[in-house]
There are 2 protein chains.
Amino acid sequence: MKHIAESTVRRLSLYLRFLEEGEARAQDTISSGELARLGGTTSAQVRKDLSFFGSFGKRGLGYHVKDLIEAIREILGLDKTWPVVIVGAGKIGAALAQYRGFSSRGFRVVGVYDRDPARIGQRLDGLTIRAESELERDIAKLKAQIAVLCVPSEAAQVLLDRVTKAGIRAVLNFAPSPLRVPKGVALRSVNMATELEILTFALTNRIEGGPR
Amino acid sequence: MKHIAESTVRRLSLYLRFLEEGEARAQDTISSGELARLGGTTSAQVRKDLSFFGSFGKRGLGYHVKDLIEAIREILGLDKTWPVVIVGAGKIGAALAQYRGFSSRGFRVVGVYDRDPARIGQRLDGLTIRAESELERDIAKLKAQIAVLCVPSEAAQVLLDRVTKAGIRAVLNFAPSPLRVPKGVALRSVNMATELEILTFALTNRIEGGPR
DNA sequence: ACTAGCTTGTGAAGGATTTCACAAGCCCCC
DNA sequence: GGGGGCTTGTGAAATCCTTCACAAGCTAGT
Ligand SMILES: NC(=O)c1ccc[n+]([C@@H]2O[C@H](COP(=O)([O-])OP(=O)(O)OC[C@H]3O[C@@H](n4cnc5c(N)ncnc54)[C@H](O)[C@@H]3O)[C@@H](O)[C@H]2O)c1
Ligand SMILES: NC(=O)c1ccc[n+]([C@@H]2O[C@H](COP(=O)([O-])OP(=O)(O)OC[C@H]3O[C@@H](n4cnc5c(N)ncnc54)[C@H](O)[C@@H]3O)[C@@H](O)[C@H]2O)c1
């Protein structure tokens, strides 16, 4: 397959959300124009995004909502359930562990880990926080391929190395430090300070030529 | 000024972090090559990014760390303190309100708001959770221009409309729903499910031609 | 003061992504 | 069964972003 741009994947995820809302409203078909309007893009963009993966619509009609949902789920790999481990049960780790937006989307948090003896054993929704020393064994046992890192910056690289050695193949990182991943492991980092700084940049440099 | 790509702003934020680390290690100068290595990009990219805003280096030497820190801070608008209000004191709102990565970077959380009477009055670090009915008055009084939305999807658009009417000019949104902003207001949304889905896409479609 | 050795700043080239624009296909109605 | 009205899928064009490559400038050492 040709290389797919990240922006395309991001938009597919967005389309999927709109389609699911449409399905909930018993909507039968949807046009690229409507998806575009919802997603703040253009109909040509929507069609191009989909065209990388096949041809899912009917000319004159649009896309069948249920079919397109199924197609995008399969493209994104959401046609299965992904076990996820969360490393670090601090403020953000705990919030994510209890976040229902994950479970409703094919992700199942199967383990939450911390080093702090005071936290180990505490319950978070249906999960008990476990000792980080159990990480390797659990990852193997649960066949988890995705880890979410919510530990302090200093610990992030070490934990990343450990979980990838144990079999993790994709990492979502919240620590604001750059990480190195072994080849074959996917990594994404969410840096909230950077997000705010993109906003202050916009506020600061908007003197002329109004923003988007 | 010419239009600046978001990717450039994002990298500037990253360079700033490395520069600050360099400063902490008493490093005097740094070359575009070193910044590039740290940031996982190329030296030409670093120089191009900076060149949009001026010329900050010395040929043969590199960049003076302290000077470049100051320059990038000014470019990003970090040479002042930004009062920020957090709307929604649930799991993620509370985590962000207590996040030290913001305060250390020129952002000061000046108010946390919720609708739930059980939460109003509770303390979060040094802050008391306030009633959302106080939002408009406080935004005006505190001259806050940035709001972080941590409320359920259904409430997000309503709250966004309210805070922008009250004077907010930039919004960081964590609800996974598309929002409309009035012209002149900057919006960024962080969608954690999408981040995970970009990872599952990578895991699913990596059969041939290894990832990144 | 001159040279060797780096490193910057930047046009130009190259590559990637988005937008344009239109032929082709499908539905529905007459 | 044919025509009007939409909408898709997609090459080609346009735009945006990154990489190349090199002249110019600075430092340090002699
Ligand atoms: N709180 C936020 O809103 C927020 C926002 C963005 C990013 N972050 C980042 O997320 C990370 C966590 O932040 P937080 O606010 O939740 O901090 P926190 O201190 O509340 O939580 C960190 C947790 O990690 C645990 N930990 C430390 N070392 C560990 C190890 N080796 N193995 C397992 N667990 C370990 C600690 O015991 C603690 O429970 C930090 O890197 C922070 O910069 C936090
Ligand atoms: N928890 C997470 O890790 C996480 C991750 C990503 C995104 N999100 C999103 O962030 C938002 C909040 O999630 P959460 O997990 O913190 O939920 P939560 O239920 O813990 O918190 C939501 C809070 O918003 C408050 N609220 C509701 N309506 C309000 C209003 N009109 N004015 C002021 N406050 C109001 C509620 O009282 C509650 O305290 C949701 O949109 C969620 O999808 C959460």
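Within region A:38-59, can one find any residue that is of a type in the set (Gly, Ala, Ser), at positive phi and in contact with a helix residue (DSSP H, G or I) (Cβ under 8 Å, 6 or more places away or on another chain)?
First, the residues of region A:38-59 that are of a type in the set (Gly, Ala, Ser): A:39-40, A:43-44, A:51, A:54-55, A:57.
Next, from what is left, pick out any that are at positive phi: A:40, A:54.
Restricting the remaining residues to those that are in contact with a helix residue (DSSP H, G or I) (Cβ under 8 Å, 6 or more places away or on another chain) gives A:54.
Yes, there is a match, as at least one residue in region A:38-59 is of a type in the set (Gly, Ala, Ser), at positive phi and in contact with a helix residue (DSSP H, G or I) (Cβ under 8 Å, 6 or more places away or on another chain).
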Checklist entry - Across region A:94-109, which residue is nearest to ligand 1 (Cβ to nearest atom) among those that are over 12 Å from the mean Cα position of the chain (by Cα) and charged (D, E, K, R)? => result A:ARG100
Checklist outcome for this item: Across (1) on the phi < 0 side of the Ramachandran plot; (2) buried (at least 16 other Cβ atoms within 10 Å of the Cβ); (3) within 13 Å of chain A (Cβ to nearest Cβ), B:GLY77 clears everything bar (1)
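Got a number for residues in region A:53-69 being under 21 Å from the mean Cα position of the chain (by Cα) and farther than 15 Å from A:ARG17 by Cα? Show your work before the answer.
As a first pass, look at region A:53-69 and keep what is under 21 Å from the mean Cα position of the chain (by Cα): A:53, A:68-69.
Next cut, farther than 15 Å from A:ARG17 by Cα only: A:53.
Count: 1.
Quick check on region B:125-155: of everything there that is away from ligand 2 (no atom under 11 Å from the Cβ) and of a type in the set (A, V, I, L, M, F, W, C), which residue is farthest from the other protein chains (Cβ to nearest Cβ)?
Out of the qualifying residues, it is B:ALA140.
Would you check if A:SER7 is farther than 21 Å from B:ASN191 by Cα and either in contact with a Phe, Trp or Tyr (Cβ under 6 Å, 6 or more places away or on another chain) or surrounded by fewer than 18 Cβ atoms within 10 Å (Cβ to Cβ) (or both)? Steps first, answer last, please.
Details: farther than 21 Å from B:ASN191 by Cα: no; either in contact with a Phe, Trp or Tyr (Cβ under 6 Å, 6 or more places away or on another chain) or surrounded by fewer than 18 Cβ atoms within 10 Å (Cβ to Cβ) (or both): yes.
So A:SER7 does not fit the description; no.
Where in region A:1-87 are there helices (runs of 4 or more DSSP H), lying wholly inside it, with at least 3 residues that are at pLDDT 95 or above and within 11 Å of DNA strand D (Cβ to nearest atom)? Step through it out loud before you land on a result.
Working: elements: A:6-24, A:32-39, A:43-51, A:65-76.
Hits in region A:1-87: A:32-39, A:43-51, A:65-76.
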Checklist entry - Looking at (1) under 29 Å from B:SER177 (Cα atoms); (2) at pLDDT 95 or above; (3) surrounded by fewer than 22 Cβ atoms within 10 Å (Cβ to Cβ); (4) of a type outside the set (S, T, N, Q), which is the only condition A:GLY93 fails? => result (3)
Checklist entry - Does B:THR164 fit the bill of being within 29 Å of A:ILE75 (Cα to Cα), within 14 Å of another protein chain (Cβ to nearest Cβ) and β-branched (Val, Ile, Thr)? => result no
Checklist entry - Which one of these is more than 10 Å from chain A (Cβ to nearest Cβ), of a type outside the set (Lys, Arg) and free of Cβ contacts under 8 Å to residues at least 12 places away in the same chain: B:GLY121, B:GLY111? => result B:GLY121
Item to check | Residue under evaluation A:GLY111, criteria (1) modelled with pLDDT of 95 or more; (2) surrounded by fewer than 21 Cβ atoms within 10 Å (Cβ to Cβ), criterion not met | outcome: (2)
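The values are calculated or read from the model by the stated rules, or taken from the named source; none is laboratory data. Note that the coordinates shown come from a computational prediction; the quantities given were computed from them, not determined experimentally. Methodologically, a virtual Cβ is constructed for each residue, glycine included, from the backbone with ideal geometry; neighbour enumeration extends over all protein chains shown.
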